[in-house]
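In what follows, a single structure is set out as structure tokens and then discussed.
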Amino acid sequence: MVVDAAKKPTARYIKTQPGGIPFFLQSIYNLFQIVTPDFESTRVGLIALIECQDEKMESGRGDWALIQEIWTIVMNYPMKLKQMKHFHSGLGANLLVSGLKRFLPKSFKEKFEMGCSTGAGTLDSMFLQPTLEAAMDRLLRRFEACLRKRFYHEATFKL
């Protein structure tokens, strides 16, 4: 899973949208449903690549209650987090995370990497190819295929 942190919605924006926070939290849950369509993907785990270039720690960007809700989903969803790599993260974010790591469970903080970089530029320049529209179309087709697979497995599962 590839995420561009600079383009994620602010807490202030989320709160102004229809459905607001519950809708946003449901979208995170639904994304986890998509990336774990079967037991194998759940066991192997998710690798999250997060582009941090141009991410700003400005007022209104975060909300501790919302962040806590998001982490409740992330930490409790039945899936393995294999790695979480943050690319082009700034010095401030690196220092903040290194300080916060002491409060994270050992099993989680070992998978959390800051300060990663690529020789090919930012992640969006690598993944949004050949155009943004083509990449979004490809992503939606993959989402649909994963959901079909998940729904098939749920419908045919026998214990």
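Some notes on this structure:
- Members of the stretch 119-148 found to be open to solvent by less than 40 Å² (accessible area, probe 1.4 Å) and either of a type in the set (K, R) or more than 17 Å from the chain's Cα centre (by Cα) (or both), listed by number: G121, A134, A135
- From the options P78, P9, P37, residue that is open to solvent by 90 Å² or more (accessible area, probe 1.4 Å) and closer than 26 Å to E144 by Cβ: P78
- Note on the stretch 81-114: among residues that are assigned to a helix (DSSP H, G or I) and among the aromatic types (F, W, Y), the one that is most open to solvent (accessible area, probe 1.4 Å) is F103.
- The residues on offer are G45, G60, and the sole one that is at pLDDT 85 or above and open to solvent by less than 80 Å² (accessible area, probe 1.4 Å) is G45.
- Pair list, Cβ < 6 Å and 6+ apart or interchain, from the stretch 80-96 residues that are without any contact (Cβ under 8 Å) to a residue 12 or more places away in the chain to residues that are exposed (fewer than 14 other Cβ atoms within 10 Å of the Cβ) and part of a helix (DSSP H, G or I): none
- Every pair of residues 6+ apart whose Cβ atoms lie under 9 Å, when the first sits in the stretch 30-48 and is closer than 24 Å to E113 by Cα while the second is exposed (fewer than 14 other Cβ atoms within 10 Å of the Cβ) and hydrophobic (A, V, I, L, M, F, W, C): L31/M1; V35/M1; L46/M1; I47/M1; A48/M1
- Candidate set from the stretch 8-41 (those that are β-branched (V, I, T) and not in a helix (DSSP H, G or I)); member that is farthest from I70 (Cα to Cα): T36
- Filtered by the rule that a residue be closer than 21 Å to V44 by Cβ and in contact (Cβ under 8 Å) with a residue 12 or more places away in the chain, the stretch 106-116 gives F108, K111, F112, E113, C116.
The values are calculated or read from the model by the stated rules, or taken from the named source; none is laboratory data. Computed from a predicted structure; not experimentally measured. A quick note on method: Cβ atoms are made from the backbone with ideal geometry, for glycine too, and the neighbour counts reach across all protein chains shown. For the accessible areas, the whole protein counts, side chains as well, though only heavy atoms, and no ligand, DNA or RNA atoms are used. Shrake-Rupley method; radii C 1.70, N 1.55, O 1.52, S 1.80 Å.
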